[in-house]
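Step one of this worksheet: look at the structure below.
All of the numbers you see were taken from the coordinates with simple rules; none came from a lab. All of these numbers come straight from a predicted model, not from anything done at the bench. Quick reminder, even Gly has a Cβ in these numbers, built from the backbone with ideal geometry, and neighbours come from all protein chains shown.
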Amino acid sequence: MDKLPIVLDLTGTFVFALSGALAGTKRGLDLFGVMVLSFAAGNSGGITRDLLIGAVPPGAVGDWRYLGVSLVAGLVTFYFSSLIVRMSNAVLVFDAAGLALFAVAGSSKALSFGLNPVMATVLGMVTGIGGGIVRDVLLAEIPTVLRADLYAVAALAAAAIVVVGYLLQLPDALVTAVALASCFLLRVMAIKRG
Amino acid sequence: MDKLPIVLDLTGTFVFALSGALAGTKRGLDLFGVMVLSFAAGNSGGITRDLLIGAVPPGAVGDWRYLGVSLVAGLVTFYFSSLIVRMSNAVLVFDAAGLALFAVAGSSKALSFGLNPVMATVLGMVTGIGGGIVRDVLLAEIPTVLRADLYAVAALAAAAIVVVGYLLQLPDALVTAVALASCFLLRVMAIKRG
Amino acid sequence: MDKLPIVLDLTGTFVFALSGALAGTKRGLDLFGVMVLSFAAGNSGGITRDLLIGAVPPGAVGDWRYLGVSLVAGLVTFYFSSLIVRMSNAVLVFDAAGLALFAVAGSSKALSFGLNPVMATVLGMVTGIGGGIVRDVLLAEIPTVLRADLYAVAALAAAAIVVVGYLLQLPDALVTAVALASCFLLRVMAIKRG
């Protein structure tokens, strides 16, 4: 399960980086500031998880591709922000996908580093929501996720499914698919309801 | 000294988690946000210390009971916040006890990981005040402890007593008792003076 | 190159600590708050780098001299802040020197811990700008460096020169000198232009 294709992991990073870049653009940051927010939003969740479980250097530090996709997201948003804003519904859907991917990947990695089931679930959620928290702290705002609990609950659900599947020794592929779908659908439903 | 009963450590976590939950409730966060603040306030000091001394995974990540007491504190505060507010003097006294426990436990653990006396003292203080700092940063406020130095000085005093006692090879139980009492009394006096 | 004399490293810490202390004094913090900001501004960049590359305990935690120079900077600024404000041009020049030293030391250390060239460059920049970011977050402000990209670009340039020199196996002393001079001159020019 810790072989969750790197493509999916990088996709999640890209989408979260878009959210960071958008937030920075709205606050009038310049290009460099926008790129820092991209990287922070896309990678802080995974870096926090890796520091806490002792996976050093963290994936996003040891592998330059995480930086690469984050910077591309930052550049695209900075120069085509009107396009990204117009696509904001699509971005929300991608964000739901990113959240699902990160929660699943995060809890899997925590399990593979020997964490107990409860804390592996929590770390899956941290992986999913950490980027948004750091993004908001850097903008001197109270993190949105603290005000919108369904967001975190969706991540928690996916992480819990992964951990329960692991405890019951269910097939990885099935568990991953169910976890991803649950988180994604919970988020999409929440978005539709506004 | 690093066998400081887990009950006391969890008590400190619970009390600090209450302070986080109260701050979150006052700012109108929903249940999930309040629970995140509970966990952050109760555990950030210890997690920071553990990352800095290389104790990975940190106690609060490897042992689910820290999460457990934090969530209970969050739930109680969210649903009975008027009760907690009415008991606010009691909460302040518990907070003084939590600060003392964390400063003592923090400096002991830093010493046992081979840090030099000066930095072990500092890490004792960090263990005590780190939770409140992260709580306030998450609420986009300047940390109260930066404005109220007696708070940190009380933690520093307890940590220094532990470290000096260690250097002079005084009996653990005595040193611990004196350190706890000093920090607690300094805080209680400061509270009484307003 | 990881033998960059400790004197230079501590000088960088001192200058950055001054910037933290000044910011704290301006916001009306008391002595303890000013000293926390001194330490945070002088050492957060290096501590972050060390946690990310797995150098535990971080230099600024294992060696009390980093704390020592930070506290001296805090004390001096708190009691003679009008002097420091009057010398603010000198402080800016020292800050440029500190940035250059930290970027060079940071990328060297990351390389010596086996990071790939791209991420070693980024970590050099993080070492240089991390302290200022934490300083501003503690003051509940959007970090200045996110709004002033030339600052980070100067650090990035120095780090990139170190990494390219390492890849081309050029002599350490030459590479270090060129990297320091480039960052320093870029910053001084930016300051002169206002």
Checklist entry - What list do you get for A:Leu186, A:Leu101 if you sort them by fewest beta carbons within 10 Å? => result A:Leu186, A:Leu101
Item to check | When the range B:86-134 is reduced to its Cα atoms, the Kirkwood hydrodynamic radius in Å | outcome: 11.3
Next on the checklist: Assume the label is 7 Å from Cα along Cα to beta carbon: what separations in nm does C:Gln169 have to the matching positions in the other copies?
Outcome noted: 5.3, 5.3
Checklist entry - What is the list of residues in the range A:47-68 whose amide nitrogen lies under 17 Å from a point 7 angstrom out from the Cα of A:Leu31, following Cα to Cβ? => result A:68
Checklist entry - What's the center-to-center distance, using Cα atoms, between the range B:7-83 and the range A:31-62 in Å? => result 24
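Given the pairs A:Lys26/C:Lys109; A:Lys26/A:Lys192; B:Lys26/B:Lys192, which span a C-alpha to C-alpha distance of over 32 angstrom in this model?
A:Lys26/C:Lys109
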Checklist entry - Among A:Ser107, C:Ser81, what is the fewest-to-most ranking by other Cβ atoms within 10 Å? => result C:Ser81, A:Ser107
Next on the checklist: Show log10 I(q)/I(0) for the range C:1-134 at q = 0.17, 0.18, 0.20 Å⁻¹, two decimals, from a solvent-free Debye sum over equal Cα scatterers.
Outcome noted: -0.80, -0.88, -1.05
Item to check | Label geometry 7 Å along the beta-carbon vector: C:Arg65 inter-copy distances in nm | outcome: 4.3, 4.3
Item to check | Between helix C:88-112 and chain C: long-axis angle, C-alpha atoms, 0 to 90°, nearest 10 | outcome: 40
Checklist entry - To the nearest µm²/s, what D does Stokes-Einstein give for the protein assembly as shown at 10 °C and 1.306 mPa s, using the Kirkwood radius over alpha carbon pairs as Rh? => result 66
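Within 10 Å of each Cβ in A:32-44, how many Cβ atoms from other chains are there, averaged over the peptide?
3
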Next on the checklist: Show me the trypsin sites (Lys or Arg not before Pro) within the range B:97-177 that DSSP assigns to loop and that have at most 11 other Cβ atoms within 10 Å of their Cβ.
Outcome noted: none
Next on the checklist: Let's test the formula: R0 of 25 Å, r as the Cβ-Cβ distance of A:Tyr79 and A:Thr11. What FRET efficiency results, to the nearest 0.05?
Outcome noted: 0.75
Item to check | Ranked B:Asp136, C:Asp30, criterion: other C-beta atoms within 10 Å, fewest first | outcome: C:Asp30, B:Asp136
Next on the checklist: For chain B, take the longest principal axis of its alpha carbons; what is the angle in degrees between that and the long axis of helix B:6-26, to the nearest 10 within 0 to 90?
Outcome noted: 40
Checklist entry - What are the semi-axes of the equivalent ellipsoid of the range B:108-194, taken as the square roots of 5 times the eigenvalues of the Cα gyration tensor, listed largest first and rounded to whole Å? => result 25, 17, 8
Item to check | the range C:49-154: chymotrypsin sites (Phe, Trp or Tyr not before Pro) falling in loop per DSSP and having at most 15 other Cβ within 10 Å | outcome: C:Phe80
Item to check | Over chain A: helical MRE at 222 nm, DSSP H runs n ≥ 4 each giving -39500 (n - 2.57), nearest 500 | outcome: -27500 deg cm²/dmol
Next on the checklist: Can you give the FRET efficiency to the nearest 0.05 for C:Ala181 and C:Arg65, using r as the Cβ-Cβ distance and R₀ = 41 Å?
Outcome noted: 0.95
Checklist outcome for this item: The size of the Cβ-based charge dipole (Lys, Arg +1; Asp, Glu -1) of chain B about the Cα centre, to the nearest 20 debye, is 400
Item to check | Label 7 Å beyond Cα on the Cβ vector: B:Asn116 copy-to-copy distances, nm | outcome: 3.7, 3.7
